[in-house]
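What follows is a single structure, written as C-alpha cells, with notes after it.
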C-alpha cells in the first residue's frame with residue numbers, strides 16, 4: 001500500500017459492499033482503471049475473475065476489500081484522497097454493483113504535496 005494516497009468509503013458505499021458480499025461472498029477486489037469502458041468508476045470483481053498485474057498499485061482497502069489502481073492512473077492521482085461513494089444508478093457493465101440500483105463513484109480531494 002502506498003502511504004501517499006488514502007482510500008475511504010462513505011456509509012452508502014459500505015452498505016453496497018455488504019450487499020455485494022451477501023450475494024457474492026467476501027473474496028472480492030476493487031480496481032480503479034480510468035479506462036474507457038466505465039470511465040473512472042471503481043469496479044468490484046470476484047478475485048477469481050480479475051487478475052491484477054505488475055502495473056497495478058494496492059492503494060488500500062474499503063469494507064475489508066483490497067482497492068487497486070492502474071499504475072498510470074496512480075501516477076496522476078498519487079497525492080489524492082479517494083472517497084468511494086455509492087449513488088443511485090446502474091453499475092459498471094462488469095462490476096458487481098451492476099443490477100443493484102446503485103453504483104460506486106469515486107470522489108477525490110487533493111492531499112498536501114510535500
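Going by the structure shown, is residue 71 more than 26 Å from residue 15 (Cα to Cα), in contact with a strand residue (DSSP E or B) (Cβ under 6 Å, 6 or more places away or on another chain) and surrounded by fewer than 19 Cβ atoms within 10 Å (Cβ to Cβ)?
Yes; evaluated as a whole, the condition is true for this residue.
Within region 20-35, can you find the residues that are surrounded by 15 or more Cβ atoms within 10 Å (Cβ to Cβ) and modelled with pLDDT of 95 or more?
Matches in region 20-35: 20, 21, 28, 29, 30.
From (1) farther than 12 Å from residue 95 by Cβ; (2) at pLDDT below 90, pick out the condition that doesn't hold for residue 8.
For residue 8, the exception is condition (2).
For residues that are farther than 15 Å from residue 41 by Cβ, over 14 Å from the mean Cα position of the chain (by Cα) and in contact (Cβ under 8 Å) with a residue 40 or more places away in the chain, tally how many sit in region 81-114.
Of the residues in that region, 1 qualify.
In this structure, is residue 60 part of a loop (DSSP other than H, G, I, E, B) and either surrounded by 14 or more Cβ atoms within 10 Å (Cβ to Cβ) or out of contact with any helix residue (DSSP H, G or I) (no Cβ under 8 Å at 6 or more places or on another chain) (or both)?
no
The values are calculated or read from the model by the stated rules, or taken from the named source; none is laboratory data. Bear in mind the structure is a predicted one, so any value in this text is a computation, not a measurement. Quick reminder, even Gly has a Cβ in these numbers, built from the backbone with ideal geometry, and neighbours come from all protein chains shown.
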